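The following block contains the structure, expressed as structure tokens.
Here, each number is a calculation from the coordinates, and none is a lab measurement. Everything numeric in this text was worked out from a predicted model, so none of it was measured. With ideal geometry, Cβ positions are generated from the backbone for all residues, glycine too; neighbour counts draw on all protein chains shown.
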């Protein structure tokens, strides 16, 4: 299977995050909901790692790897906390597209920090995402 197949699955399940999350946080603390969600994800992720048998790889991880995986986890946690708060206060059909500005931001940051070369497709795609978000926010 290719990276694109997994990316499509990611997008599908990410869409369910907004729907299930919006239904689930009615009348409860969004932070508590994120905490419960995180516990479930921890068990799910470790079950996958144990099934794969990849735990021994931890011995060979460099300080660099640890640092950036931890920074990624912190960014994930902050993203989830803000996302669930936004879902609690706003409509999922408006919150989710704004959250997807991360796509355009990732494209720009990949050019800057990862040295990825801008292509016509990546620049146009990023601009279309931003355009879609603006339509979602301002066109009623």
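Could you put 107, 112 in order, starting from the residue whose Cβ has the fewest other Cβ atoms within 10 Å? Working shown, then result.
Working: 107 19, 112 8.
Final ranking by Cβ density, sparse to dense: 112, 107.
For segment 85-140, what does the alpha-carbon gyration tensor say about shape, rounded, prolate or oblate, given a ≥ b ≥ c as the root eigenvalues, a/c under 1.5 as rounded, and a/b over b/c as prolate?
Oblate, because a/c is 1.5 or more while a/b does not exceed b/c.
Label segment 1-76 by shape, choosing from rounded, prolate and oblate, from the square roots a ≥ b ≥ c of the eigenvalues of the Cα gyration tensor; if a/c is under 1.5 it is rounded, and otherwise prolate applies when a/b is larger than b/c, oblate when it is not.
prolate
What full-extension length gain, to one decimal in nm, is calculated for residue 124 and residue 108 as 0.36 nm per residue of separation minus the Cα-Cα distance?
On the way: separation 16, 0.36 × 16 = 5.76 nm, distance 1.18 nm.
Length gained, residue 124 through residue 108: 4.6 nm.
Which three extents, in whole angstrom, do the alpha-carbon atoms of the chain cover along their principal axes, largest first?
Result, largest extent first: 53, 45, 29 Å.
Within a 10 angstrom radius of the beta carbon, how do 25, 60, 70 rank from fewest other beta carbons to most?
In increasing order of surrounding Cβ atoms, one gets 60, 70, 25.
Among 52, 116, which comes first, second and so on when ranked by fewest other beta-carbon atoms within 10 Å?
Ascending number of Cβ neighbours within 10 Å: 52, 116.
Which shape class applies to segment 50-119: rounded if a/c is under 1.5, otherwise prolate when a/b exceeds b/c and oblate if not, where a ≥ b ≥ c are the square roots of the Cα gyration tensor eigenvalues?
Values: a/c = 2.64, a/b = 1.42, b/c = 1.85.
It comes out oblate by the Cα gyration axes.
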